[in-house]
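Step one of this worksheet: look at the structure below.
Just so it is clear, none of the values below were taken in a lab; they were calculated from the coordinates. Just so you know, these numbers come straight off a predicted model, no measurement behind them. Cβ atoms come from the backbone with ideal geometry, glycine included; neighbour counts cover every protein chain shown.
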Amino acid sequence: MTKQKISLLLMAILIILATEAQTVKPKWLFKSTNLIGNLVGEQGSKFSMQSINGFTKNNWMLGIGVGIDPYGHSSIPVFIDIRKTMGKKAWQPFVYADGGPSFPLPDPDLPKTWPSGLSAFDLRTGWMAEMGIGIQKKIVGNTQFVLQIGYSQKYYSFINHNNNFIFIGGTWPETSTYEYQYRRWAIRMGLTL
């Protein structure tokens, strides 16, 4: 090969490397979305809170969330959150979906044991799912205002252990399972940091 061809080949490689180095590659960025709002359904309206922490890339966010859900029976939902933002304007619409287990909190109105020592109630871990739409706007730096509305479901159950007293002095244990499914609207607002 001549010196000229080698020089041209090296120059072409350097140009390709230089342009590749100039290309902006999307990065995974950490985001924290903290929301407050109301859950509205047949059981009335209840205040709720959520904190979702995850990573965003190419208008997608994937995170893990935890919240306080006092609707129906109080619980702590722990869920996967996925969001897709659309557009690059000041106000950006998005869609989201959440789902995961919902851990019931002890209820002071339910006895823990019967006088016989038999367990009275066993609260079971339930689940929650929510999907909806929203809008967000950049406020300062990376901070964004978020407003969202979604349709939410929460399911939980508990087992009631009853003591049926027998005339001769013993008890006959009987169990009943109660299942609850709450369907409600979730209206929330907050900040993404």
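Overview of results
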{"item": "Sequence of Y155, Y180 once ranked by neighbouring C-beta atoms within 10 Å, starting from the fewest", "result": "Y180, Y155"}
{"item": "Magnitude of the charge dipole, the stretch 36-112, Cβ model with Lys/Arg +1 and Asp/Glu -1, debye to 20", "result": "560 debye"}
{"item": "Top positive-direction residue, dipole computed over the stretch 26-192 with Cβ charges, set A90, A129, F55", "result": "A90"}
{"item": "Virtual spin-label span in nm between F145 and D107, 7 Å along Cα→Cβ", "result": "3.9 nm"}
{"item": "Fewest-first sequence of M189, M61 by Cβ atoms within 10 Å of each Cβ", "result": "M189, M61"}
{"item": "Residue-wise HN-Hα coupling along the stretch 69-76, computed from phi with Karplus coefficients 6.51, -1.76, 1.60 (Hz; x: Gly, Pro)", "result": "10, x, 5, x, 10, 4, 8, 10"}
{"item": "Size of charge dipole - the stretch 26-192 - debye, nearest 20, with Cβ of Lys, Arg +1 and Asp, Glu -1, no other charges", "result": "1260 debye"}
{"item": "Length gained when the stretch W60-I6 is fully extended (0.36 nm per residue, less Cα-Cα span)", "result": "15.0 nm"}
{"item": "Sequence of R183, R188, R124 once ranked by neighbouring C-beta atoms within 10 Å, starting from the fewest", "result": "R183, R124, R188"}
{"item": "Over 25 Å (Cα to Cα) - which of K84/K138; K27/K154; K57/K88; K57/K138; K46/K154; K27/K84 fall in this group", "result": "K27/K154"}
{"item": "Rounded Å value of the spacing that divides the Cα centres of the stretch 23-77 and the stretch 92-106", "result": "6 Å"}
